[in-house]
Amino acid sequence: MRELTAQDAQHAVLGGGVFACGGGGWLHHGELMGAAATTLSRPVLAMVDELPTDTWVATVSAIGAPAAPTWEIRPVDYVHALQALIREADVPITAVMTAQNGYSTSVNGWIQSSVLGVTVLDAAGDVRAHPTGKLGALGLTSRPGYIATQVVSGGNRELAGHLEVVVRGSSATADDVLRDVSVRAGGFIASARNPVELSWVREHAALGSISVALDLGAAMAKAQDQAGNHTQAGDAVVEAVLGTLGGRVLARGPLEHAVPLVTRGGWDHGTLRVGEVEVPYLNEFMAAQGGGQRLATYPDTIAILDAVTGLPLAVKDSAAATGREHVVVSVDAGLLPLSSSAVDPVGLAEVEQIMGLELVAHLTPEVLRRKAGR
């Protein structure tokens with residue numbers, strides 16, 4: 001176990017921004033949450049093998065569309081959501097894990113650890129960000145007999161007042177219900193959900209995902225420091241990302257909008273283009289294709305980096321970034337921690353239907369072998 005510091009928070013946000021894949025929360029919110037958590041106290045990060053075998057773990061996250069203009073989440077909302085889940089659950093929850101890495105989601109659980117004393121697990125429902133709760137649900141959509149308990153708390157106070165909603169039922173249905181609630185709450189809302197045994201986490205989570213984000217953020221920060229204000233600073237940060245993760249460059253050129261951004265149904269929809277490569281998104285970048293070929297597909301990590309700064313682009317900021325040079329990079333899912341839910345057929349089928357985009361057919365043999373071996 002180790003205590004998490006303010007520098008860790010900075011690295012989590014920076015590295016998490018790559019795994020945000022265009023979504024994954026917001027840079028400023030991640031900075032706020034990380035600073036608050038490490039100022040109030042010291043969150044504690046632990047690996048699976050460092051916790052008692054009878055530990056119960058809850059997933060903490062936020063639900064909604066990052067580009068929604070009226071969203072509001074306060075730090076206390078995350079704490080209240082977990083407190084409500086602890087009251088409602090019939091098991092003792094003493095550890096939490098994030099549903100995914102991302103700009104603000106890599107620090108999910110840190111404020112709860114500081115305030116409530118729970119342990120942050122070095123694991124995630126997905127090493128990268130994804131658009132639905134099912135893709136970070138640790139395979140619970142197909143766990144026989146599992147009854148999910150999910151809580152949301154918060155919302156835009158002026159628009160909808162404070163909301164606290166508790167849902168019990170199948171994991172898939174609860175996810176759908178709370179996404180509808182997020183829309184009515186202003187676009188985003190804090191969540192705590194799905195208590196499971198530590199053994200289930202060990203079998204189904206993307207273990208070590210927080211350390212992966214921390215290490216990437218540290219490498220990016222070092223590249224920034226070494227480059228200073230040099231005109232090649234962006235190249236240095238891009239190379240740090242590629243070298244740390246084993247990634248590859250898919251395209252370089254000015255950012256364009258092949259399909260304009262629209263926020264609908266609790267998701268951000270659209271397609272970006274860099275050079276000859278198009279990147280369709282549903283909150284997050286779900287594929288990269290060019291020259292009539294699929295170049296990368298979720299659960300591969302797909303990021304669009306600013307060529308000048310090397311920093312990851314968020315979909316919500318894409319309008320302001322139009323015309324600037326960017327670099328599309330991808331990291332094969334087989335090179336990173338992989339969760340069961342990242343290849344969950346229920347979650348993937350939903351995204352395929354919403355986007356009209358094939359995903360399952362493009363899963364690589366390596367990813368399928370790793371899934372089968374869990």
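Structure summary
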quantity: Residue 197-residue 362 FRET efficiency (beta carbon distance; Förster radius 30 Å; 0.05 resolution); calculated: 0.40
quantity: Three-way shape label, segment 8-47, alpha-carbon gyration tensor, a/c 1.5; calculated: oblate
quantity: Helix 345-355 axis, angle to the chain major axis (alpha carbon atoms, nearest 10°); calculated: 50 degrees
quantity: Packing-based order for 8-17, 275-284, using average beta carbon neighbours within 10 Å, highest first; calculated: 8-17, 275-284
quantity: Exposure rank, largest accessible area first [1, 286, 355; 1.4 Å]; calculated: 1, 355, 286
quantity: Normalised contact order of segment 231-374, rounded percent, pairs of Cα under 8 Å and 6 or more residues apart; calculated: 24 percent
quantity: Cα Rg, Dmax, segment 278-319, angstrom units; calculated: 10.9, 30
quantity: Hull volume in cubic angstrom per residue (convex hull over the Cα atoms of segment 159-280); calculated: 197 Å³
quantity: Between helix 233-245 and the chain: long-axis angle, C-alpha atoms, 0 to 90°, nearest 10; calculated: 50 degrees
quantity: Relative compactness, segment 138-213, computed as alpha-carbon Rg over 2.2 N^0.38 Å; calculated: 1.27
quantity: For segment 83-171, the Rg and Dmax computed from alpha carbons only, in angstrom; calculated: 14.0, 41
quantity: Kirkwood Rh, Cα atoms: Rg over Rh of the chain; calculated: 0.94
quantity: Scattering profile of segment 218-374 at q = 0.11, 0.12 Å⁻¹ [log10 I(q)/I(0), Debye over alpha-carbon scatterers]; calculated: -0.45, -0.54
quantity: Signed unit charges on C-beta, dipole axis of the chain, positive-most listed residue 368, 20, 141; calculated: 141
quantity: Ordering of 213-219, 289-295 by burial proxy (mean other Cβ atoms within 10 Å per residue, highest first); calculated: 213-219, 289-295
quantity: Computed over the chain: relative contact order in percent, which uses C-alpha pairs under 8 Å that are six or more apart; calculated: 21 percent
quantity: Relative contact order computed over segment 50-109 (Cα-Cα under 8 Å; 6+ residues apart), in percent; calculated: 51 percent
quantity: Unit charges on C-beta of K, R, D, E only; dipole of the chain, Debye; calculated: 240 debye
quantity: The chain: calculated mean residue ellipticity at 222 nm from DSSP helix runs of at least 4, using -39500 (n - 2.57); calculated: -10500 deg cm²/dmol
quantity: Rounded percent of accessible protein surface that carbon and sulfur make up, the chain, 1.4 Å probe; calculated: 53 percent
quantity: All-pairs alpha carbon distance profile, segment 1-160, 10 Å steps from 0, percent; calculated: 11, 42, 38, 9, 0
quantity: Cα pair distances exceeding 17 angstrom across segment 1-93, given as percent; calculated: 62 percent
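The values are calculated or read from the model by the stated rules, or taken from the named source; none is laboratory data. Note that this is a predicted model, so its numbers are computed, not measured. Here Cβ is always computed from backbone atoms with ideal geometry, including for glycine, and neighbour counts include all displayed protein chains. Just the protein is used for accessible areas: all its heavy atoms, side chains included, with ligands, DNA and RNA removed. Shrake-Rupley method; radii C 1.70, N 1.55, O 1.52, S 1.80 Å.
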